[in-house]
Amino acid sequence: MRKRAKLILLDVREKIAEHGVRLVVDRKPKCWIEYEHCDGYFKAPSKTRKGIMVVAIGKKRHVEYMWDLAHEVAHFRQWLRKDRLWSRYNRNEDLYYELEKKTEKEAERIFESWGFRASDRLKKRSKKYLKTLEE
Ligand SMILES: [Zn+2]
C-alpha cells in the first residue's frame, strides 16, 4: 500500500471513530452488503449499534480504492451534515441514482483534496459505475 493511502486511511479511521463509526478495510476486491457486491459501503450508527464504513481494496490500484474510500467518506459527511438528499434517500430508495451521482461528484473533490489527481481513467470508472445504476 502506498504511504499516502495508508496515512489517509489512518486519518479517516480516526475521524469517523469520533462519531461512532468503525472503518473496515476489506482485502477482497469486492465486499457484500445485503446480497449485493460493492466496492464499499457506509452505514450510519443508530442508537443501538455502531456505524460502519467498509472499503474493498483487493486487486485495485491504490488510486481506485482511495476513490472508493472518498465515496464512502462523502456519504459519511452527508450523514453528519444531515444532507437533504441523504435523508430523503433513507426514506425512499428510488433516490439512489440521484444520491450516487451527487456522491461521485463529492468523492472526486475529496479525492483531490487528499492530493490525488482525478485522471480520465478514474473519471471513466466513475461514469461506468453510475451507468450500471441507470438500468
Ligand atoms: Zn454510494
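The values are calculated or read from the model by the stated rules, or taken from the named source; none is laboratory data. In this text, all values refer to a predicted model and were calculated from it rather than measured experimentally. All Cβ positions, glycine included, derive from the backbone under ideal geometry; neighbour counts span all protein chains shown.
Key figures for this structure:
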item: Qualifying residue in the stretch 42-50 (condition: at negative phi, of a type in the set (Val, Ile, Thr) and in contact (Cβ under 8 Å) with a residue 12 or more places away in the chain); result: no
item: Matching residues, the stretch 72-111, being touching a residue at least 24 places away in the same chain (Cβ under 8 Å), among the hydrophobic types (A, V, I, L, M, F, W, C) and within 19 Å of residue 133 (Cα to Cα); result: 74, 107
item: Criterion: modelled with pLDDT under 95, surrounded by fewer than 13 Cβ atoms within 10 Å (Cβ to Cβ) and acidic (Asp, Glu) - qualifying residue of 112, 93; result: 93
item: Strands (runs of 3 or more DSSP E) wholly inside the stretch 1-94 containing at least 2 residues that are among the hydrophobic types (A, V, I, L, M, F, W, C); result: 21-26, 31-33, 51-56
item: Criterion (exposed (fewer than 15 other Cβ atoms within 10 Å of the Cβ), away from the ligand (no atom under 16 Å from the Cβ) and either closer than 21 Å to residue 114 by Cβ or among the hydroxyl-bearing types (Ser, Thr, Tyr) (or both)) met by exactly one of 5, 17; result: 17
item: Test: residue in the stretch 114-124 that is away from the ligand (no atom under 14 Å from the Cβ), assigned to a helix (DSSP H, G or I) and either of a type in the set (A, V, I, L, M) or within 22 Å of residue 16 (Cβ to Cβ) (or both); result: yes
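Here's the yes/no breakdown for (1) away from the ligand (no atom under 13 Å from the Cβ); (2) in contact with a Lys or Arg (Cβ under 9 Å, 6 or more places away or on another chain):
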| site | (1), (2) |
| --- | --- |
| 84 | yes, no |
| 89 | no, no |
| 95 | no, yes |
| 109 | yes, no |
